[in-house]
Amino acid sequence: MIIVGEKINTSRKSIARAVERKDAGAIQEVARAQADAGAHYIDVNAGTFLEKEAQYLSWLVETVQSAVDRPLCLDSPDPRALEIALDVHQGEAMINSISLEKERYDALLPVVAGRPCKVVALCMARTSMPTSARERIDVAAELIDGLTGAGVKPGDIFVDPLVQPVSVDVRMGPAILDAIAGVMTRFPGVQTICGLSNISFGLPLRRQINRHFLVLAIARGLSAAILDPTDSELMASLLTAEMLLGQDEYCSAFIEAYEQGLLAINR
């Protein structure tokens with residue numbers, strides 16, 4: 001499972017304040033905590049600042065990568081912000097995200113096809129949000145066809161089935177899980193990813209909901225997730241699921257995390 005640490009996002013008030021003040025120490029502390037907890041990528045998002053997004057996103061890239069040896073997930077629909085951030089990024093970034101929305105697709109396709117990177121393909125249709133698993137898979141098929149046609153390797157494509165809250169529509173859980181399974185079966189080599197916490201929006205006990213949904217998604221083939229890696233119970237659920245599904249040879253990742261104290265939950 002590829003883990004993308006979600007916490008450096010200016011929709012969080014503490015992060016927004018740190019970015020506005022150019023408080024590198026505060027941002028780097030959050031980055032280190034996520035890397036130490038097991039994040040393979042660190043997500044950086046400055047989207048709430050609109051006019052200053054490009055400036056702040058590139059500052060975040062340099063600030064985070066000066067503190068942790070991790071590639072970043074550059075979270076923006078703005079091609080200009082992404083290109084500026086990519087110019088200062090070290091290594092191969094992940095771009096989040098391209099969709100079938102015409103303006104977004106036309107603007108971002110040259111960016112993701114023009115340099116080596118991972119790309120999140122969000123299952124947003126041209127004019128509407130999908131509701132069923134079939135609609136999500138159809139959107140994914142079109143995105144995959146367009147991206148591979150532009151030279152993006154299948155293994156660099158991460159299909160995001162567009163997680164929507166079950167508080168809005170209780171059918172969203174099965175639709176998303178079925179979409180993950182469908183994509184992984186129909187498109188060998190392509191990967192899947194989701195923004196985990198979206199599933200629990202508007203409900204109590206959000207962390208419990210997130211943990212259970214993650215386990216179900218892993219069982220359906222989910223290969224990456226944008227989540228809070230500092231949530232030790234969530235990480236324990238992730239590692240336990242992978243172990244029980246035969247994805248952790250000799251149970252080594254689970255045992256190592258336990259011995260390092262990363263799974264500090266009630267025994």
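The values are calculated or read from the model by the stated rules, or taken from the named source; none is laboratory data. For clarity, every value in this text was computed on a predicted model and none was experimentally measured. Reconstructed Cβ throughout: ideal geometry from the backbone, glycine too, with neighbour counts over all protein chains shown. Heads up: the accessible areas ignore ligands, DNA and RNA and are worked out on the full protein's heavy atoms, side chains in. Shrake-Rupley method; radii C 1.70, N 1.55, O 1.52, S 1.80 Å.
You will find that of G195, G182, G189, the residue that is surrounded by fewer than 17 Cβ atoms within 10 Å (Cβ to Cβ), closer than 13 Å to V159 by Cα and modelled with pLDDT of 95 or more is G189 and no other.
Pairing residues of segment 174-199 that are among the aromatic types (F, W, Y) with residues that are crowded, with 19+ Cβ neighbours inside 10 Å and part of a helix (DSSP H, G or I), at Cβ distances under 6 Å and at least 6 apart in sequence or on separate chains, gives F187/I144. For S167, the stated conditions do not hold, so it cannot be described as under 18 Å from the mean Cα position of the chain (by Cα) and more than 30 Å from A113 (Cβ to Cβ). Within segment 7-16, the set of residues being over 15 Å from A67 (Cβ atoms), assigned to a helix (DSSP H, G or I) and open to solvent by less than 30 Å² (accessible area, probe 1.4 Å) comprises A16 only. Checking each residue in segment 17-45 for being part of a helix (DSSP H, G or I) and open to solvent by 20 Å² or more (accessible area, probe 1.4 Å) picks out R17, E20, A24, G25, A26, Q28, E29, V30, R32, A33, D36.
Applying the criterion of at least 2 residues that are polar (S, T, N, Q) and open to solvent by less than 40 Å² (accessible area, probe 1.4 Å) to the helices (runs of 4 or more DSSP H) found wholly in segment 46-156 leaves 53-65. The single condition from (1) touching a residue at least 12 places away in the same chain (Cβ under 8 Å); (2) over 19 Å from the mean Cα position of the chain (by Cα) that E249 fails is (1). The listed residues are A18, A54, and the only one of them that is more than 16 Å from the chain's Cα centre (by Cα) and over 23 Å from V112 (Cα atoms) turns out to be A18.
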